[in-house]
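The values are calculated or read from the model by the stated rules, or taken from the named source; none is laboratory data. For clarity, every value in this text was computed on a predicted model and none was experimentally measured. No Cβ is skipped: glycine too gets one built from the backbone with ideal geometry, and neighbour counts run over all protein chains shown.
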Amino acid sequence: MSSNNYTAVENAIRSILKNNSYDDGSIAPVLVRLAWHASGTYDPRSPCPGGSNGATMRYAPESTDGANAGLEHARAFLEPIKKQFPWISYADLWTLAGVVAIEAMGGPKVRWTPGMSFNTIRSSGRQDYDPSTSRIKFAKIIPPNGRLPDAAQGQKHIRDVFYRMGFDDREIVALLGAHTIGRCHANRSGFEGPWTYTPTRFSNQYYVLLLKTSWDKKFLANGNMQYKDPEDELMMLPADIALILDPKFRTFVELYAKDKDTFYRDFSSAFSKLLELGVKRNQNKL
Ligand code: HEM
C-alpha cells in the first residue's frame with residue numbers, strides 16, 4: 001500500500017487556486033477543464049483507448065490538439081506541485097486537481113481514487129506514460145485529435161461523443177453543468193465570455209440561466225456563432241443550447257435548475273466516472 005500523502009497534495013493545489021492575475025481571479029476552472037480533457041479522449045473500442053491514464057496530453061498530437069488550446073497554462077500551474085511531490089503521477093495530479101478545484105469553488109465532493117506509484121511490474125491505476133522506457137508504441141497510447149466535443153455542434157454530436165465514453169443523457173446534462181464555472185477565450189477556442197455571473201463559484205446557475213434567459217445568436221469576427229443574453233454579458237455555445245432544444249436533455253436541465261442537491265449528486269458521480277475512464281485497476285505497467 002502506498003503511504004503517499006494525498007492530503008498534502010490537495011492542500012498544495014488548494015493554495016494555488018486563487019490567482020489575481022489570471023482570468024476571474026482563480027485558476028480552478030481551467031484545472032477542471034484539464035481533468036476533463038485528459039479523460040474525455042476515452043474510446044473503449046479503439047486500440048488506443050485514451051482516457052486519463054498515462055497523462056498523454058504531455059505529448060503531441062494530443063498536446064497540440066486545437067481542443068486543448070490553453071490547457072498548457074493549467075499544466076504549467078501544476079508543475080511546481082509535481083516538483084514538490086515527485087511521487088505523484090501527472091495522471092493522478094491532473095485529475096485530483098480537478099476534484100480539489102470543484103470542491104474549493106463550492107461544488108460537491110467527488111470520489112477520486114489514486115493509482116499506486118510503486119515500481120513493480122504489475123501496478124494499478126493511473127500511471128504516466130514514458131516513451132523512453134515503455135514497450136507500448138506511441139500510436140497505441142497517445143489518442144488522435146478529434147475525440148473531444150466540438151462546441152459548434154448540436155445534440156447528435158454530443159450524444160456520439162459521450163455515448164462512446166459510456167455516459168447516458170442524464171449524465172451528459174450533469175457534466176455540462178461544469179460550464180457554470182470558467183469562461184471561453186477567443187484565442188483558445190475562438191468563443192468568448194463566461195456562462196454565468198459567478199464564474200468562480202460552482203452552482204446550478206448554468207441551468208437556471210439556460211432556461212430563463214432569452215438567447216440570441218451572435219456572430220464573432222472570426223466567423224464563429226455563439227449565443228448572447230440581451231445585455232451581451234453572458235454566452236452559451238451551440239452545444240449548450242442543444243441541451244434546451246433537445247426534449248430529453250431539457251428534462252434534466254429543468255430538474256437541475258430546480259434541484260441543486262440532485263445536480264450536485266449526479267455531477268459528482270458522473271465526474272468521478274469520467275476521471276476513471278481508461279484507468280485499469282490492476283494492469284501492466286505503461
Ligand atoms: C459538449 C461538450 C462540451 C463542449 C462542446 C465544451 C466546450 C468548451 C469550450 C469551447 C470551452 C472554452 C475554452 C476556452 O476558450 O478556454 C469550454 C470551457 C470549459 N469547459 Fe467545456 N465543453 C464541453 C463539456 C465540458 C465538460 C463535460 C466539462 C467538465 C465536466 C467542461 C468544463 C469546462 C470548463 C470548466 C471550462 C472553462 C475553462 C476555463 O475557464 O479556462 N466542459 N468548454
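Considering only residues that are among the aromatic types (Phe, Trp, Tyr), closer than 19 Å to ALA270 by Cβ and away from the ligand (no atom under 11 Å from the Cβ), which ones fall in segment 27-84? Result: TYR42, single match.
Sub-8 Å Cβ pairs linking a first residue in segment 175-191 that is free of Cβ contacts under 8 Å to residues at least 40 places away in the same chain and more than 13 Å from ASP24 (Cβ to Cβ) to a second residue that is more than 6 Å from the ligand (Cβ to nearest atom) and charged (D, E, K, R), at least 6 apart or interchain, are ALA186/GLU192, ordered by first then second residue. Here VAL110, VAL100 are screened, and the one residue that is within 12 Å of the ligand (Cβ to nearest atom) and either in contact with a strand residue (DSSP E or B) (Cβ under 8 Å, 6 or more places away or on another chain) or of a type in the set (A, V, I, L, M) (or both) is VAL110.
Looking only at residues in segment 146-163 that are under 16 Å from the mean Cα position of the chain (by Cα) and not acidic (Asp, Glu), the one that is surrounded by the fewest Cβ atoms within 10 Å (Cβ to Cβ) is GLY146. Scanning segment 12-26 turns up one or more residues that are away from the ligand (no atom under 13 Å from the Cβ) and assigned to a loop (DSSP other than H, G, I, E, B). Restricting to segment 226-268, name every residue that is free of Cβ contacts under 8 Å to residues at least 12 places away in the same chain and either touching a helix residue (DSSP H, G or I) at 6+ places or on another chain (Cβ under 8 Å) or not assigned by TED's automatic domain parsing to the domain that holds ILE181 (or both). Within segment 226-268, ARG250, LEU255, THR262 qualify. Among the residues of segment 170-194, those identified as part of a helix (DSSP H, G or I), hydrophobic (A, V, I, L, M, F, W, C) and more than 6 Å from the ligand (Cβ to nearest atom) are ILE172, VAL173, ALA174.
In this structure, does ARG201 turn out to be touching a residue at least 12 places away in the same chain (Cβ under 8 Å), near the ligand (Cβ under 8 Å from one of its atoms) and not hydrophobic (A, V, I, L, M, F, W, C)? So ARG201 does not fit the description; no. Residues that are among the basic types (Lys, Arg), in contact with a Gly (Cβ under 9 Å, 6 or more places away or on another chain) and within 26 Å of SER39 (Cβ to Cβ): does segment 196-206 have at least one? Checked against the condition, which is being among the basic types (Lys, Arg), in contact with a Gly (Cβ under 9 Å, 6 or more places away or on another chain) and within 26 Å of SER39 (Cβ to Cβ), segment 196-206 yields at least one hit. Taking the conditions (1) in contact with a helix residue (DSSP H, G or I) (Cβ under 7 Å, 6 or more places away or on another chain); (2) without any contact (Cβ under 8 Å) to a residue 12 or more places away in the chain; (3) not in a helix (DSSP H, G or I) in turn, SER132 satisfies each one other than (1).
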